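Accompanying notes for the structure given below.
The values are calculated or read from the model by the stated rules, or taken from the named source; none is laboratory data. Computed from a predicted structure; not experimentally measured. Here the Cβ is made from the backbone with ideal geometry for all residues, glycine too, and neighbour counts use every protein chain on show. Note: accessible area is taken over every heavy atom of the protein model, side chains too, but ligands, DNA and RNA are not part of it. Shrake-Rupley method; radii C 1.70, N 1.55, O 1.52, S 1.80 Å.
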Amino acid sequence: MEKAIIKVEHLSHRYSTQWAIRDINFEINQKGVVGLLGSNGAGKSTTMNIICGVLNQTEGEVYINGISLSERPVEAKQNIGFLPQKPPLYADLNVDEYLTYCANLRLMDDKQVRSAVEEVKRRCGISHFSHRLIRNLSGGYQQRVGIAQAIVHNPAFVVLDEPTNGLDPNQIVEIRELIKEIAKDRSVLLSTHILSEVQATCDYIRMIEHGQVVFAGTIDEFDNYIEPDTFVAKFENQPTKEELLQVRGIIQVIPLSETKYRFRFEGGNDVMRRMVECSVNNGWGLSEITLEKISLDEIFAQLSGKKENE
Ligand SMILES: Nc1ncnc2c1ncn2[C@@H]1O[C@H](COP(=O)(O)OP(=O)(O)OP(=O)(O)O)[C@@H](O)[C@H]1O
């Protein structure tokens, strides 16, 4: 069987007396972007710092390409790239000097360093700034250099901690495109609490709360985690509330305007088809009908409270 790109087993970490994460388990087997979601203090940074070998866990194990991070750290780390929240840039070096320095830190073969630096600059769209001091680059380009240092040694797995923080809207779009591009041939774990970022960038989601995994699935599965139970409809010929309540499955009718209503329903959204049929049969003049999808914010809020409610 193929080895997982990353496998996290029974990972727990305690700062002095308080457990920050407790028995985290997951595997990533595929290329693409995995979003690591969670509210403030959920345990994202602790998890990522352990995975990247910056923090030693209290319990559990991390395997990168089947290599134990605690038993063979140098070998395991050759397969990881990391862009922390504050990119580790040296402002007084130019882009070439900095990326060469990073490639050497990664113990790359001397003969490969030059071509690796050229390739990563091309990939990250910074070749034209090779001789520019990092301090003189815009925030978006500094972030590109940050991403370049994370992939210069061509790792199978890259961790990006809130990579669009502090960028302007155009830079955010560009960096998201770059992340998707570098995830075509590796797996990227991206930490964020911006839900629009998850929607725009991620293929899969892991969500942690109170130090434990509360959701693991695709972005579509996350999107459909809560079944909608309301729809809105507009009628030109003003049926009465009593008539509308006769449609099987409708449990509440909330007027929004003279012609528009929100309907709460149970028993599946077949009820919308029945509403259309009743409207045709009774001449209610249905002109609009829309299922109300649950927003990502609401799904996030419900998952955030999940452990407390259980
Ligand atoms: N160095 C530390 N010493 C003690 N407690 C810590 C330390 N770092 C984090 N914690 C605690 O561990 C828990 C998890 O924190 P962590 O930083 O991993 O969460 P996070 O999900 O990354 O949050 P954020 O989104 O705010 O960065 C929190 O309760 C936090 O207060």
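Of all the residues in segment 100-125, those that are assigned to a helix (DSSP H, G or I), touching a residue at least 40 places away in the same chain (Cβ under 8 Å) and open to solvent by 20 Å² or more (accessible area, probe 1.4 Å) number 1. Going by what's in this entry, would ARG122 be described as out of contact with any Leu (no Cβ under 9 Å at 6 or more places or on another chain), away from the ligand (no atom under 16 Å from the Cβ) and within 13 Å of VAL145 (Cα to Cα)? Yes: the conditions hold for ARG122.
Within segment 162-185, does at least one residue satisfy the condition of being part of a strand (DSSP E or B) and under 11 Å from the mean Cα position of the chain (by Cα)?
Of segment 162-185, the ones part of a strand (DSSP E or B) are none.
Checked segment 162-185: no residue is part of a strand (DSSP E or B) and under 11 Å from the mean Cα position of the chain (by Cα).
Just to be sure, is GLY81 assigned to a strand (DSSP E or B) and within 27 Å of GLY139 (Cβ to Cβ)? The answer is yes for GLY81. Exactly one residue out of GLU97, GLU75 is farther than 24 Å from ILE6 by Cα and either assigned to a loop (DSSP other than H, G, I, E, B) or open to solvent by 40 Å² or more (accessible area, probe 1.4 Å) (or both): that is GLU97. Of all residues in segment 54-64, those satisfying the criterion of being touching a residue at least 24 places away in the same chain (Cβ under 8 Å) and either at negative phi or within 13 Å of the ligand (Cβ to nearest atom) (or both) are VAL54, LEU55, GLN57, THR58, GLU59, GLU61, VAL62, TYR63, ILE64.
So which of ASN170, ASN237 is surrounded by fewer than 14 Cβ atoms within 10 Å (Cβ to Cβ) and assigned by TED's automatic domain parsing to the domain that holds PHE265?
Details: ASN170 fails: assigned by TED's automatic domain parsing to the domain that holds PHE265.
After ruling out the rest, the residue left standing is ASN237.
Filtered by the rule that a residue be crowded, with 18+ Cβ neighbours inside 10 Å and within 16 Å of the ligand (Cβ to nearest atom), segment 174-194 gives LEU189, LEU190, SER191, THR192.
The residues in segment 10-47 that are within 12 Å of the ligand (Cβ to nearest atom), assigned to a loop (DSSP other than H, G, I, E, B) and over 15 Å from the mean Cα position of the chain (by Cα) can be counted, and the count is 3.
Show the residue pairs meeting these rules: Cβ distance below 7 Å; 6+ apart or different chains; first residue within segment 264-280 and without any contact (Cβ under 8 Å) to a residue 12 or more places away in the chain; second residue assigned to a loop (DSSP other than H, G, I, E, B). From segment 264-280, no pairs qualify. Scanning segment 65-79 for residues that are in contact with a Gly (Cβ under 9 Å, 6 or more places away or on another chain) and among the hydrophobic types (A, V, I, L, M, F, W, C) returns LEU69, ALA76.
Checking the condition within 18 Å of ILE208 (Cβ to Cβ), at pLDDT 90 or above and either surrounded by 13 or more Cβ atoms within 10 Å (Cβ to Cβ) or within 15 Å of the ligand (Cβ to nearest atom) (or both), which residue from ILE80, ILE67, ILE51, ILE5 passes? Can you show your working first?
On the way: ILE80 fails: within 18 Å of ILE208 (Cβ to Cβ); ILE67 fails: within 18 Å of ILE208 (Cβ to Cβ); ILE5 fails: within 18 Å of ILE208 (Cβ to Cβ).
Just one listed residue meets the conditions, ILE51.
Counting only residues that are more than 16 Å from GLU227 (Cα to Cα) and in a helix (DSSP H, G or I), segment 240-286 holds 15 of them.
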